[in-house]
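The values are calculated or read from the model by the stated rules, or taken from the named source; none is laboratory data. Since we're looking at a predicted model, the values are computed, not measured. All Cβ positions, glycine included, derive from the backbone under ideal geometry; neighbour counts span all protein chains shown.
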Amino acid sequence: MTVESLPLTRVRETTVDVVVVGSGTGLAAALAAQDAGLEALVIEKTEYVGGSTSLSGGAFWIPANPILEAEGAHDTLERASRYIESLVDGAVPEERWRSFLDHGEATVELLRRATPLKFSWAREYADYHPERPGGSASGRSCESRPFNVKRLGAERDRLRPSGMAAPIPMPITGADYRWMNLMVRTPRRSRRSPRG
Ligand SMILES: Cc1cc2nc3c(=O)[nH]c(=O)nc-3n(C[C@H](O)[C@H](O)[C@H](O)COP(=O)(O)OP(=O)(O)OC[C@H]3O[C@@H](n4cnc5c(N)ncnc54)[C@H](O)[C@@H]3O)c2cc1C
C-alpha cells in the first residue's frame, strides 16, 4: 500500500475515487477503499493524525468475528442479535444493526489483511450489559497486541500524542488494564503482572 502526504496546493489539483474527511475511524474507510482497488484521500484539519480514536483504548466490539472464534469465545451472530435487539429496543432500524453484524467478519479480515496489527480477544472484558439476553460476561471486545510505533518511521511524529503516556515505555492492553484497575480492591490480584 502506498501512503503519501500531500500539501494543500496539490490536494486541490488531485482527483481520487474516495475522499475521507477526518483521520480517526475514517482511516478504516480509507483502508476499505484502497482494499477495493480505489484511490482514497484523507483530509485532516489538525496537524495530527488519529483524532480521538488515537486516544482511545482501541478495542473493537465486533461479535462472532474470526478472532473470537479462533480463541474459543463461542459467540454466534444469533446470540449477538438477541443482545443488540434487547439493547436498542427498536430505537435503531433493524437493517442497520443487522448490517453491522453481517459485515463484522469482513471488517476484521480487512484489518488483518491491510494492517500489520495482530489482534486478540480481550477475554473477560465483559459486554457493558452482560445480564441482557445474548450478553456475554466473557466479552466480545478485541484489541491489538502491543505495536511498536517505531515502525511508523517519520510518520510517528504526526500521530496524535496519547493523553495517558506512562512514565516508562510499558505496553498495556485493555485486558491488562482490567487487572490493574482491580489492584486496590484485591491486592492478591495485583501480583498478576500485565502481559507485554
Ligand atoms: C479515553 C477513550 C477511550 C475510548 N476507548 C474506546 C474503545 O476502546 N473502543 C471504542 O470502540 N471506542 C472507544 N472510545 C470512543 C472512540 O474513541 C470514538 O467513538 C471514536 O474515536 C470516534 O471516531 P471518529 O472517527 O468519529 O472521530 P475522531 O477519531 O475524533 O476523528 C475525527 C477526525 O476528524 C477531524 N476533523 C473534524 N472536522 C474536520 C474537518 N472539517 N475537516 C477535516 N478534518 C476534520 C478531527 O480533527 C479528527 O482527527 C474511547 C474514547 C475515549 C475518549
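At-a-glance table
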quantity	calculated
When residues of the stretch 56-68 are limited to those that are touching a residue at least 40 places away in the same chain (Cβ under 8 Å), within 16 Å of the ligand (Cβ to nearest atom) and not in a strand (DSSP E or B), the one nearest to Gly24 (Cα to Cα)	Gly58
Close pairs (6 angstrom Cβ cut-off, 6 or more residues apart or separate chains): modelled with pLDDT of 95 or more in the stretch 82-95, of a type in the set (A, V, I, L, M, F, W, C) anywhere	Ile84/Trp97
Filter result for the condition that a residue is within 29 Å of Met164 (Cα to Cα), in contact with an Asp or Glu (Cβ under 8 Å, 6 or more places away or on another chain) and not assigned by TED's automatic domain parsing to the domain that holds Ser99, over Ser23, Ser52, Ser5	Ser23
Residue within the stretch 21-34 that is within 13 Å of the ligand (Cβ to nearest atom), within 21 Å of Arg132 (Cα to Cα) and within 21 Å of the chain's Cα centre (by Cα) present	no
Options Thr53, Thr14, Thr76, Thr2: the member that is touching a residue at least 12 places away in the same chain (Cβ under 8 Å), of a type in the set (Ser, Thr, Tyr) and exposed (fewer than 13 other Cβ atoms within 10 Å of the Cβ)	Thr14
Options Glu95, Glu44, Glu39, Glu71: the member that is more than 16 Å from the ligand (Cβ to nearest atom) and under 30 Å from Ala166 (Cβ atoms)	Glu71
Where a residue in the stretch 17-28 is without any contact (Cβ under 8 Å) to a residue 40 or more places away in the chain and farther than 11 Å from Ala40 by Cα and its partner, wherever it lies, is more than 6 Å from the ligand (Cβ to nearest atom) and assigned to a loop (DSSP other than H, G, I, E, B), with Cβ under 7 Å and at least six apart	Ser23/Gly50; Gly24/Gly50
Filter result for Tyr128 (in contact (Cβ under 8 Å) with a residue 24 or more places away in the chain and either loosely packed, with under 14 Cβ neighbours inside 10 Å or not basic (Lys, Arg) (or both))	no
